[in-house]
Amino acid sequence: MTAVPHSLPANLQKATLTKLAKLGIHNRFDLVLHLPLRYEDETQVVRVAELEPGESQQVEGEITHCEVAFRPRRSLICQLQDDSGVVHLRFLNFYPSQQKQLAVGKRIRALGEVRMGYFGLEMVHPKCRAGGDNAPLKQALTPVYPTTAGLPQATLHKQIHGALQELELSDTLPPELLARLQLPGFADSVRLLHNPPPHVDEQALLERAHPAWLRIKFDELLAQQLSMRVHYRKRRKRTAPQLPGHGHLSGALLQALPFALTNAQQKVWREISQDLTQPHPMQRLLQGDVGSGKTIVAALAALQAIESGFQVALMAPTEILAEQHYLKLREWLEPLGISPAWLSGSLRKKDKLAASERIAAGDTLLAIGTHALFQSQVEFKQLGLVIVDEQHKFGVEQRLALRNKGIISESSRAHQDARSRAARTETYREDRRDASEHATKQIDGAVDYGAVPHQLMMSATPIPRTLAMSYYADLDVSVIDELPPGRTPVVTKLVSDARREEVFERVRNACLEGRQAYWVCPLIDESETLQLQTALETHSTLCDIFPDLRIGLVHGKLANAEKARVMAAFKACEVQLLVATTVIEVGVDVPNASMMVIDHAERMGLSQLHQLRGRVGRGAAHSLCILLFQTPLSELARARLKIIFENSDGFEIAQQDMQLRGPGELLGARQSGVPMLRFADIGQDTQLLDSARDMADEMLRDFPAAARAHLQRWMASKPDYLQV
Ligand code: ADP
Ligand code: MG
């Protein structure tokens, strides 16, 4: 098998190739799967009298008038007449050649969307074809493809139809399975979508509900499921260091804690502990709502690895959170004789180097930091376990790089370097050829991964069922489904900005009673500078209003030492009111803080609000979260605020979030620009997903060759993303 199946025709110009690449088309099979957005109907001609506004229709007749008008704006306006009436054709941009084609007396066929315009019935920028009567009508709907600037539909048509004719589009599904599926064959399906027959149900095509569409979506989901299974099995075949521990350290930590683990914490700890004893790498997702106590479970897992003589890396997506973990774990582990190392991107070069050296020498057993930890320079001597907190906050590329950290066999070092390079480039596509070769090898089982560390990922963002079934199908999942005892639920209040003064008063009273509060500054999407400015202004305003309070300020642009100092002061209750940007969104844990004001809450996303609110309600005191909003509210903002007001369960909120924003956002995949599923929609195609899942199992068991062929077809140019 070749690495890149069916390369594009050699005679294509470089510029065309670049444009095709922009559309994700790298080989002829990609052309086959470049499916139409919609269709134009050139199979029939409609009489002018029967034109209907809103429809895309084709008419035929003689040009009876043609002029360049200047009002309402410069445009070419023609009248086309048949035996039933007149329709106007309007062109805002036009060439002299068009003017010539549309000269009075010419016979024309025009296709376009009909609307009621300035002059009566009109078509704006219709597609015109000279000749009229004697040109044969098309036999099928004309596909309109997604395209990019400078790449005409005609080029796409030609290339796609060439590929359809020349490629052998055999079915990857064995006949037995295909018969059971009751969907059309693959070749028939793509041919129909590119070239629908005259009387096809156009609506079903547009809604992607036509059986041909269902087949394509099914194949895509099947590929995803197969890929997940293959990945899962490969993982079980890879070796990882066995980390049975001896329980002395973890036992001592449990003894020293001021609290007992909840039943849920005990259960997940058992699951993780058991995985670590296995000779193949754990890949477990630990889910638990904000405040459910994941950190202690991570600490116990780290200790088990350390007891077994291996190193542990603990990673967090923000400096503040990483630093907080560092402080917390130092507090817990130093009495046990373990000093964690701190590693972040902002460390001075010298310090980073020193830390890296200690890690490489194996002197440091636990390294805590931001993603600086898995940059390629940092080599561990004996990495046994990687823990990633708030994993959904890491980008897809970072998670990929992470998955491959700690690979210790020589043969895969080059591959690992290529991967971290890929992880650093903004556009993954540049490394696409590497990836594609890798895909083929991976399916053929030729890549030797060597021993890999165990991996524990933690997240407070619960995953709805369909997401779990698709994108996370190769992970094992543990759930902490109860909160530690003694928590009082956070009361949420929605307050309009008009009542800001009252809110000031409440904050002041709370602080004077010895409680602590957060004031979260508005999110400003367009500009970090503006966001910073707002934070500074809010801070100075609050300082003016409350001369008697000790007020701190923390934001992303602050030097890290300063950030750490402010957080420490807040933790020690030296600061009563902490003005903060959303840098405090994840992980920050100051139990005495029992009040939070979120300014301009309408600008925040749901999971963000839930995470922020999770910063309070961590102690025994009654907690209050005030969502200050600016009127008027947009429809979406109103919906979001209503959900956050009515729900405190993170699972419910995530479910509703997915409905509002789509799954990409929830997966943290959107920012990487990588499409995860192109055709299927896991929100809607749940039935297809279910049957794809069942069939994936059966294919791997009974038809392994077909499974390989299917993966080869669908995954050749995107091996990794379905495994993140
Ligand atoms: P999250 O799951 O959001 O990361 P944390 O690990 O930060 O939650 O824990 C939240 C708070 O609850 C911390 O102050 C932690 O010490 C405390 N905590 C954790 N487990 C328990 C428990 N079993 N009983 C009481 N408090 C606990
Ligand atoms: Mg946490």
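All of the numbers you see were taken from the coordinates with simple rules; none came from a lab. Note that the coordinates shown come from a computational prediction; the quantities given were computed from them, not determined experimentally. Please note: Cβ atoms are built from the backbone with ideal geometry, for glycine as well, and neighbour counts cover all protein chains shown.
The translational diffusion coefficient of region 535-592, from Stokes-Einstein at 25 °C and 0.890 mPa s with a Kirkwood hydrodynamic radius over alpha carbon pairs, comes to 209 µm²/s. The GluC sites (Glu not before Pro) found in region 487-526 that occupy coil by DSSP, while having at most 13 further C-beta atoms within 10 Å, are Glu513, Glu526. Using the Karplus relation 6.51 cos²θ - 1.76 cosθ + 1.60 with θ = phi - 60°, the per-residue 3J(HN,Hα) values for region 314-326 come to 10, 10, 10, x, 10, 4, 4, 5, 4, 5, 4, 4, 4 Hz, with x marking Gly and Pro.
Ordering Gln203, Leu475, Gly683 by Cα displacement along the dipole of the chain toward the positive end leaves Leu475 in first place; charges were set at the Cβ atoms of Lys, Arg (+1) and Asp, Glu (-1). For region 37-131, rounded, prolate or oblate, judged on the Cα gyration tensor with a ≥ b ≥ c (square roots of eigenvalues), a/c < 1.5 rounded, else prolate if a/b > b/c? Taking the square roots of the gyration eigenvalues as a ≥ b ≥ c, region 37-131 is rounded. Note: the chain, Cα convex hull, 195 Å³ per residue. At full extension, Leu660 and Glu528 could sit 45.0 nm farther apart than now, given 0.36 nm per residue minus the alpha carbon distance.
Just so you know, the Cα atoms of region 235-387 work out to an Rg and Dmax of 15.0, 45 Å. Residues whose amide H comes within less than 5 Å of that of Leu285, counting only those at least five positions distant or on another chain, are Met457, Asp476, Val477, Ser478 (H built at 1.01 Å from N in the peptide plane).
Pairs of Cα atoms nearer than 8 Å and 6+ residues apart set the relative contact order; for region 44-137 it is 30 percent.
What pairs from Lys381/Lys557; Lys234/Lys294; Lys22/Lys217 go past 30 Å between their alpha carbons? Mind showing how you got there, number by number?
Working: Lys381/Lys557 34 Å; Lys234/Lys294 28 Å; Lys22/Lys217 22 Å.
Violating the 30 Å Cα-Cα cut-off are Lys381/Lys557.
Within the chain, which is the longest segment containing none of the chymotrypsin sites (Phe, Trp or Tyr not before Pro) that sit in a DSSP loop and have at most 13 other Cβ atoms within 10 Å? Formally, the longest exposed-site-free interval is 260-724. Protection proxy ranking for 620-628, 142-150, using the average of other Cβ atoms within 10 Å per residue and placing the highest first: 620-628, 142-150. Would you list, by chain and number, the lysines whose Cα falls below 27 Å from the Cα of Lys642, excluding same-chain residues fewer than 8 positions away? The reachable lysines, counting only those whose Cα sits under 27 Å from Lys642, are Lys393, Lys493. Take the Cα radius of gyration of region 490-666 and divide it by 2.2 N^0.38 Å, N being the number of residues; the result is 0.99.
The residue list Pro146, Leu121, Gly105 was ranked by how far each Cα lies along the charge dipole of region 95-152 toward its positive end, using unit charges on Cβ atoms, and Gly105 comes out on top.
Report the relative contact order of the chain, percent, no decimals, based on alpha-carbon pairs under 8 angstrom and at least 6 residues apart.
Values: 1266 pairs, mean separation 99.2, N = 724.
Relative CO of the chain lands at 14 percent.
Can you give me the Cα centroid spacing of region 250-274 and region 307-330 in angstrom? So the separation of the two Cα centres works out to 18 Å.
Along region 683-696 the Karplus relation, 6.51 cos²θ - 1.76 cosθ + 1.60 evaluated at θ = phi - 60°, assigns HN-Hα couplings of x, 9, 8, 5, 5, 4, 4, 4, 6, 5, 5, 4, 5, 4 Hz to successive residues, with x for each Gly and Pro. Couplings 3J(HN,Hα) for region 240-254, derived from phi with the Karplus relation 6.51 cos²θ - 1.76 cosθ + 1.60 (θ = phi - 60°), are 9, x, 7, 10, x, x, 9, x, 5, 6, 5, x, 5, 5, 4 Hz, where x marks Gly and Pro.
How much of the DSSP beta bridge set in the chain is antiparallel, as a percent to the nearest 5? All intermediate terms of the calculation are to be shown ahead of the outcome.
Numbers: 33 of 86 bridges.
Expressed as a percentage, antiparallel bridges in the chain total about 40.
As a calculated quantity, the FRET efficiency between Ala154 and Val495 at R0 = 60 Å, using C-beta atoms, amounts to about 0.55.
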